[in-house]
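Just below is one structure, and these are the notes that go with it.
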Amino acid sequence: MTSFDRIDEAIVARALAQEPGSRLRTQIIPPQGRVAVELEKGQTLRVVDLDGQQVADLICFNRDDLAEKFSPNVSVMLKGNIHLTTGDYLYSVDARPLLRIGHDTVGCHDVLAGSCCRGLNRFRYGPEAEHQPNCRDNLAAVMAPYGVTIREIPYPFNVFMNVPVEADGHIEVIEPVSKPGDFVDLIAERNVVVAISNCPQERNECNGFAATRLGLVIYAAEASA
Ligand SMILES: [Zn+2]
């Protein structure tokens with residue numbers, strides 16, 4: 001039994017392929033939803049695009065010192081590349097690894113575009129868009145119980161987000177290439193809190209103009225063979 005029971009079998013088979021350890025639990029994040037997940041060192045969080053073309057804004061904190069949070073800038077600098085995929089690390093502001101990217105069936109994610117938020121929505125879509133659901137409010141809501149305020153929410157690793165960069169530096173948000181059942185595994189390098197906003201943006205191509213479901217799977221830390 002998993003919470004994926006009502007999902008098409010072929011999609012579940014893709015989502016649960018090549019599991020990195022014993023499955024502890026599965027969870028669905030509904031469209032526009034949000035969640036914070038605590039991981040022990042060595043556990044793996046699998047983020048699944050259940051319906052295709054759905055972005056997850058993902059941030060991470062050292063669970064033992066919440067001031068040590070994910071830094072997209074440090075992660076890019078230490079790799080020397082804006083494309084993060086299998087084998088790469090999500091580093092903290094103190095240049096320590098928080099998460100390591102394991103199996104990645106898509107290989108197309110973003111660290112440049114930040115999160116949709118009240119200010120960006122107002123600037124781009126007018127005052128009526130300012131209070132629509134957005135990732136920054138979502139992330140702040142799930143981190144509030146930890147005492148992390150919205151001003152302390154870092155910019156994210158945008159799982160499945162497709163933001164190609166042209167030679168002249170031009171960037172544009174286009175539709176994700178992820179298909180139903182695609183996933184990326186994130187392995188905890190220390191005890192962490194991971195917060196995810198299932199991006200509610202429907203005014204641009206970020207989520208193919210429709211917010212849909214994400215799936216999460218947590219796997220136990222495996223003793224190395
Ligand atoms: Zn968003």
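Each reported figure results from applying straightforward, stated rules to the coordinates on display, with no laboratory input. Treat the numbers as computed from the prediction; the structure is a model and nothing was measured. Reconstructed Cβ throughout: ideal geometry from the backbone, glycine too, with neighbour counts over all protein chains shown.
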Of TYR125, TYR146, TYR91, which is the most mobile in a GNM of the chain whose springs link Cα atoms less than 10 angstrom apart? TYR125
Relative contact order of the chain, pairs being alpha-carbon contacts under 8 Å that are 6 or more residues apart, as %: 41
Spin-label proximity, LEU66 to the stretch 137-174 - amide N less than 17 Å from point 7 Å beyond Cα toward beta carbon: 137-155
What is the Cα centroid distance between the stretch 68-111 and the stretch 116-174, reported in whole angstrom? 18
Note, the stretch 193-210: 3J(HN,Hα) by Karplus (6.51, -1.76, 1.60, θ = phi - 60°), whole Hz, Gly/Pro = x, goes 10, 10, 10, 10, 9, 6, 3, x, 5, 10, 8, 9, 7, 3, 10, x, 6, 8
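Which of VAL74, VAL159, VAL165 has the fewest other C-beta atoms within 10 Å, and how do the rest follow up to the most?
Working: VAL74 17, VAL159 29, VAL165 13.
The fewest-first ordering by Cβ neighbours comes to VAL165, VAL74, VAL159.
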Apply the a/c threshold of 1.5 to the C-alpha gyration tensor of the chain and tell me whether it is rounded, prolate or oblate. rounded
Filtered GluC sites (Glu not before Pro), the stretch 1-68: DSSP coil and at most 16 other beta carbons within 10 Å: GLU40
How about LYS69: which lysines have a C-alpha closer than 22 Å to its C-alpha, ignoring those fewer than 8 places off in the same chain? LYS41, LYS79
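Grab the Cα-Cα distance for LYS79 and TYR125, subtract it from 0.36 nm times how many residues apart they are, and report the gain in nm with one decimal.
On the way: separation 46, 0.36 × 46 = 16.56 nm, distance 3.45 nm.
Roughly 13.1 nm would be gained on extension.
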